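Worksheet: the structure to be examined is printed underneath.
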Amino acid sequence: MQQTIEATPRTVDRYPSRVDAQPHVSARADPVVYGRPDQGPLDQSVLTQYEDTGLLHFDALFGAQDLAQWTDELDRLRHDESVKSSPQAIIEPDSRDLRSIFAVHQTSDVMRRLAAHPKLLDIVEQILGGPVYVHQSRINYKGGFRGKEFYWHSDFETWHVEDGLPAMRTLSCSISLTENTPYNGPLMLIPGSHHRFVSCVGQTPADHYKASLRRQELGVPDDDSLAKLVQDFGLIAPTGPAGAVTMFECNVMHGSNSNITPMPRSNIFIVYNSLENKPVDPFCGQAPRPNHIAEREDFTPARALV
Ligand code: 6CS
Ligand code: FE
């Protein structure tokens, strides 16, 4: 007797990447703004600005007390040797310096409360049209003198291919914990680039994150696609005091230069994903990344993290 083996239905991949020998650019197939003006603090003109550019910048969303707590916590974590040797820590490629610490909303009470801050969540849930959970959190240190760059990428490209986020219904909040100047390697973004998906060339190896989080070489756009995006949309590098917040859509092309000034450029990133966009199997066919890099088990609503 012949046995039929039923294949498990695969989620349709609307954003294939790292499958072809040639790069492709396609149109975004998801909304950018999922909520309405009456569902949060942003009025229609600000929602339209986010729709068009994929980013919002706030110089002073938080009070001095909140900020002092976060910078104290940043210093504490930086000087804790057990943090540096934990699996959550990422070390710079060419030195022993701390580059990032992941899952800080799980390992630090202060950072967990930051991730649940209503000033962030009121905006995030309005844009994403409902409750969210934390897909990823990290502190990026980018120390002075030798802090290394983050090459151009769309976060969604990685979160889709390596983590299995099906749709673009995710955004990052970057909160500066030091002053961001034009000189200390601030975040650079291509406003409007989230309307196009740049599929990248190359196959994802097993455990790619171990290399990519130190220096990303795969899942980055080809030179021609990047040049075209910059030509069409230009560049922006928001600068501002410690405490400034940049929120950006998951498919905005962005990166940052290295920091050869003596001034560190540290920030905390909280990535919120809609509870209606939970991860499926990674589209690259590899095993998923660990939960401290990309959450796939704990879908506690961010509001409940207080
Ligand atoms: O791989 C990731 O998930 C991370 N990598 C980069 C360079 N940016 C986004 C994200 O935090
Ligand atoms: Fe990124």
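Each value in this text was obtained by applying a stated rule to the coordinates, not by laboratory testing. Values in this document were obtained by computation on a predicted structure and should not be read as measured data. Every residue, glycine as well, gets a Cβ built from its backbone with ideal geometry; the counts of neighbours run over all protein chains shown.
What the table shows:
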{"item": "Neighbour-count ranking [beta-carbon atoms within 10 angstrom, fewest first] of D59, D109, D97", "result": "D109, D59, D97"}
{"item": "Protection proxy ranking, peptides 36-45, 229-238, average beta carbon neighbours within 10 Å, highest first", "result": "229-238, 36-45"}
{"item": "Net length gained if the chain between V306 and D207 were fully extended (0.36 nm per residue, minus Cα distance)", "result": "32.4 nm"}
{"item": "Extension reserve of the V110-T261 stretch, reckoned as 0.36 nm per residue once the Cα distance is removed", "result": "51.5 nm"}
{"item": "Förster-model FRET efficiency, 30 Å R0, K228 and E149, C-beta, rounded to 0.05", "result": "0.90"}
{"item": "Residues E149, E51, sorted so that the one with the fewest Cβ neighbours within 10 Å comes first", "result": "E149, E51"}
{"item": "Helix-only CD estimate at 222 nm, as mean residue ellipticity for the chain, using -39500 (n - 2.57) per DSSP H run (n ≥ 4)", "result": "-6500 deg cm²/dmol"}
{"item": "Qualifying trypsin sites (Lys or Arg not before Pro) for segment 183-230 [loop in DSSP, other Cβ within 10 Å: at most 16]", "result": "R214, R215"}
{"item": "Total lysine pairs whose alpha carbons fall under 27 Å of each other in the chain (8 or more apart, or interchain)", "result": "9"}
{"item": "Calculated FRET efficiency for the pair S26/V280, C-beta based, R₀ 22 Å, to 0.05", "result": "0.65"}
{"item": "Theoretical gain in end-to-end length, E297 to Q44 [0.36 nm per residue, Cα-Cα removed]", "result": "87.6 nm"}
{"item": "Ranking of H24, H153, H135 by count of other Cβ atoms within 10 Å, fewest first", "result": "H24, H153, H135"}
